[in-house]
Structure formats: structure tokens, C-alpha cells
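The values are calculated or read from the model by the stated rules, or taken from the named source; none is laboratory data. In this text, all values refer to a predicted model and were calculated from it rather than measured experimentally. In this analysis, Cβ positions are derived from the backbone assuming ideal geometry, glycine residues included, and neighbour counts consider all displayed protein chains.
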Amino acid sequence: MSQQPDNILAVLDMGSAKFRVLVAEIYDGALRYRGHGIANAAGMRKGMVADLKPAAAAINRAAVMAEESAQTTIERCVVAVGGPHIRGVNSRGGITLGARLREITREDVRAAVERARSISLPADREVLHLLPREFILDEQPGILDAVGMVGNRLEVNLHIATSSASAQQSIVTCANRAGIEVTETVFEGIAAAEATLSADERELGVCLLDVGASTSELVVFFEGSVAHTSVVPIGGDHFTNDLAVGLRVTAPEADWLKCHYGHATVTAVSQTSEVELTGLPGHEPRMVRQRMISEILEPRARELFQMLRDNLRQGGVLEALGAGCVVTGGTSRLPGLLDTAESLLRVPARVGTPVPLSRMPAELSAPECAVLIGTLLYAHRTSLTRAAENQGLRAKLRAIFAGSI
């Protein structure tokens, strides 16, 4: 098959439950859906790669489905990264521009960011994102873009998202074994935010919680910039396992019960409604009260948002959620979950559904595809930024050489 065209973007979301590959083309500067593939996850444990061989095989299955659907070749992709190894830290640093006032250049901004990122990290940590929160020029804070302004000293408040170097390398190795080159990685929380949050929410302050199968990734925006990133070690599988143990049923039946009869608020469920359970092999079917399902799910839902609240308080951003909380991921569909979020966080909450692409099938407009769509949007935005920077650099070089003639 031919090589991957330059106008084709491919992204990979390696969730604990599903591996998803999405392919889009850049047409007249905009993204247009071409195809996708979904395969059951394999070789994953708690959001991290536990066995390379089955994980690579599952990626390959999803990629082949996407290639057939899009009628193109996938050679490279951007991968979303999540899991309990993600950490976020805020830092501040800057540079002195000289005794005289002078104009700030893009190189000055990069130098200030490099100074701010010069913090001591453990040997196994790797920088995933460098996200400027604000620039401070001669002690004047709140500057979003300092290029072109004039001053003596430039500082930056920086948010640094880091990941385990070995965990990230395992993901890259899996993709490589599946025949795909990883060109970039993006934190799942930032990717999901790309597809679900509005500019107003980012400005007012909002927490995006992506509830995955094994973990829940979160990112907080305030005044338009990332202020906090972290991971809560609870996901949708914990709800399912609670039901499997509490009701003595198989995991697939527990998941089906969660999706069809689950509710995170006990008092919202009728006391008389009953559900028939198939139960474990060798046992007779039996009836249980539907409220019993909620009695098992509600404590886990409360634990999730209690841990989120404690995480936000520890990060110093609990009081910065002017626009509330946006919950995405498959478990965000659980009835009553938003009520639990609002009661514990004391802010409004909504389900985050991804913005649709041109020609995209309706099945991808679900909350569980927010990371997938967001990774594509992130990849497109960063490619445009790089293209603009390269064009500016070429213009400077032409001016230099023209001046030397």
C-alpha cells in the first residue's frame, strides 16, 4: 500500500478497555473524517502497558480496521497517554533581557520557558507538556503572549505535566511493534478538554474529568490556561467490579447492569422495581431490587468525587471552578453521577460530549470518544502552530540572506 499522505492525520487512544484509531484528512484547512477502527484492549493493567505482545496486536487490529475504513495507509500517529503515573507541577522562572528596554522575541520566550522548566525531576520522569500559564514582564503579570512587547525582564508561570519515562516508552514500543511511528504524545485529560470545553469555561475556571476504565484523568483550566493536571485512581471498571462482587455475577453481566439499570443516587430509584440476574455459572437466575444496584454504585461514585475534591484542594484550584466541572468518558453516562459531583464539589456539572468532525459517524460523538476526537484536534492545532513558526523562520532567513547580497 502507498505511504501515508501529508494531509492525513492519525491518532491512537490506548484505553484500558478499548484501543481506538481515528483517521482524518486536512481539507481546505479543516479536518474531515476518513475512518476509524476499534479493538478490545489487551495487555493493559491500570491504564499502563503490562504485556507488549498482546497490546501491539490489539493496536494492529484497530489500525488495520481504520486503514480499511479510511482507504489509506497509517504509518505515523499521535498517541494519547494516561494512567496513574501522570504528575503535574507548577514552576516559575525567567530571564533578564539587559539594561535597556528591548522588544521580546520568540527566542526570548523560549529561553524563559526553558529557565522555568529547569526544576529537579526524578530520573524516571519525562516532560509531557510545557504549558505557560502567564508571562510577567517587568513585574506586570497576566500577559498571555509577550512577543513584540518591550521590557527588561521576562518571567513565566509554567505548568509542567510529566509522565513515567518507562510507561511512555512502553506505549511507543507497542505502537512501533504494530508498525506505527509515534510522532507525539498528549495527556488524555488535555486531549479530552480539547474536544469538550468552550473558551468561556477555560477562562472562568473549569475542571475536566475523563473517567476511563481504570483511572480518571483530570485537568483544570483557569483564565484560559492549564493550572493543574492529575489522575484519580478510580475508573469505570471499579464500578463494574463492585457490582460483580456485591451481586455475585460475572463481569460482563455486571457491566450490562451498570449501563442499563445503574444509578449513582439511591433515593432516585424505586423501591419496588426488580431486575433478574443470570448470576454465576451453575446458579439459578434470581431477582434483586434495582435499588440494590444503586446501593452498590453510590458509595463508589461518592469516593470518586471525594478523591477529586481532595486532589483539587491539594492543588490549590478547588475554589477556581467558576464554570464548574465537566465529566466525560463512558462512565459519565451513569445516571445520578452529575448529582454526586455537584453535591460534593458544590459547583455545576455537565457531561462533556466531543465536537463532531465533518462526515463523522454518530457513534463517535459519545463521551467515551472525547479523548480520541480531542487528540485529533490537538494534533491538528499543533501542526498548524509549527507550520506558522517554520514559515516565520523561513521568512527571517530569506531577509537575512537578502540583506547580505
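Does region 220-242 contain any residue that is without any contact (Cβ under 8 Å) to a residue 40 or more places away in the chain, in a strand (DSSP E or B) and closer than 30 Å to V89 by Cβ? Steps first, answer last, please.
Initial filter on region 220-242 (without any contact (Cβ under 8 Å) to a residue 40 or more places away in the chain): 221, 240-241.
The next check asks that each one be in a strand (DSSP E or B); those that pass are 221.
So of that shortlist, the ones also closer than 30 Å to V89 by Cβ come out as 221.
Yes, that holds for at least one residue.
When region 1-37 is filtered for residues that are farther than 13 Å from V371 by Cβ and of a type in the set (V, I, T), the ones remaining, listed by number, are I8, V23, I26. If you check V64, V81 for being modelled with pLDDT under 95 and of a type in the set (V, I, T), only one passes: V81.
It is to be established whether one or more residues within region 12-19 are closer than 21 Å to G189 by Cα, surrounded by 22 or more Cβ atoms within 10 Å (Cβ to Cβ) and of a type in the set (G, A, S).
Residues of region 12-19 closer than 21 Å to G189 by Cα: 12-19.
Among the residues that remain, those that are also surrounded by 22 or more Cβ atoms within 10 Å (Cβ to Cβ) are: 12-15, 19.
Subset that is of a type in the set (G, A, S): 15.
For region 12-19, residues closer than 21 Å to G189 by Cα, surrounded by 22 or more Cβ atoms within 10 Å (Cβ to Cβ) and of a type in the set (G, A, S): present.
Of the numbered criteria (1) at pLDDT 95 or above; (2) touching a Ser or Thr at 6+ places or on another chain (Cβ under 9 Å); (3) not aliphatic (A, V, I, L, M), the one T375 fails is (2).
Matching residues to (1) over 23 Å from G47 (Cβ atoms); (2) free of Cβ contacts under 8 Å to residues at least 12 places away in the same chain; (3) not assigned by TED's automatic domain parsing to the domain that holds N157:
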{"position": "A66", "(1), (2), (3)": "no, no, yes"}
{"position": "A70", "(1), (2), (3)": "yes, no, yes"}
{"position": "E75", "(1), (2), (3)": "yes, no, yes"}
{"position": "V78", "(1), (2), (3)": "no, no, yes"}
{"position": "G83", "(1), (2), (3)": "no, no, yes"}
{"position": "R92", "(1), (2), (3)": "yes, no, no"}
{"position": "L101", "(1), (2), (3)": "yes, no, no"}
{"position": "I104", "(1), (2), (3)": "yes, no, no"}
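Against the definition (touching a residue at least 12 places away in the same chain (Cβ under 8 Å), of a type in the set (A, V, I, L, M) and touching an Asp or Glu at 6+ places or on another chain (Cβ under 9 Å)), how does L31 come out, yes or no? It is true that L31 is touching a residue at least 12 places away in the same chain (Cβ under 8 Å), of a type in the set (A, V, I, L, M) and touching an Asp or Glu at 6+ places or on another chain (Cβ under 9 Å).
Please enumerate the residues belonging to region 114-142 that are under 26 Å from the mean Cα position of the chain (by Cα) and of a type in the set (A, V, I, L, M). Within region 114-142, A116, I119, L121, A123, V127, L128, L130, L131 qualify. Scanning region 132-183 for residues that are in a strand (DSSP E or B) and within 18 Å of R87 (Cα to Cα) returns P132, R133, N157, L158, H159, I160, A161, T162, S163, S164. Where strands (runs of 3 or more DSSP E) fall entirely within region 14-113, those with at least 1 residues that are under 25 Å from the mean Cα position of the chain (by Cα), of a type in the set (F, W, Y) and closer than 30 Å to S214 by Cα are at 18-27, 30-40.
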